[in-house]
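Just below is one structure, and these are the notes that go with it.
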Amino acid sequence: MGNKGAKLCIEKELLNVQLNLENNYKENAYDAYLNVKAMIESFFEQGEISKWAYKRYIRKLKKYDEIYAEDEENPENEENPEDKKDIS
C-alpha cells in the first residue's frame, strides 16, 4: 500500500471514530480508536507513512486519548467492591 493508501485508510478510520462518537456508539468508537491507533503505529513501522504524518496523526488522536484515558481510569463495567453485599 502506498503512502496515499495508508493515509486514506487512517483518515477513514478516524472519521469512523468521530461518527461513532457523534452517534453515541461508544463501544464501536472505542474499537475504531484502538484500530486506528494500531494502524498508525503499524504503517509508521513499515515505512508506509512519514515521520511528519505519524506525528500529525498522533496529535489528532490526542483528543480521543483524553476521552478514553478517563474511561480506562473509571471503567463502568467493573464491579465496585463496596457495592458487593455480604450475604452471610
Between TYR68 and GLU22, the two model label points (7 Å from Cα along the beta-carbon direction) sit apart by a distance in nm of 2.0 nm
Surrounding charge for ILE58, neighbours by C-beta under 10 angstrom, Lys/Arg +1, Asp/Glu -1, total +4
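Laboratory data are not the source of any read-out in this text; all were calculated from the coordinates shown. Values in this document were obtained by computation on a predicted structure and should not be read as measured data. Neighbour counts run over all protein chains shown; Cβ positions are idealised from the backbone, glycine included.
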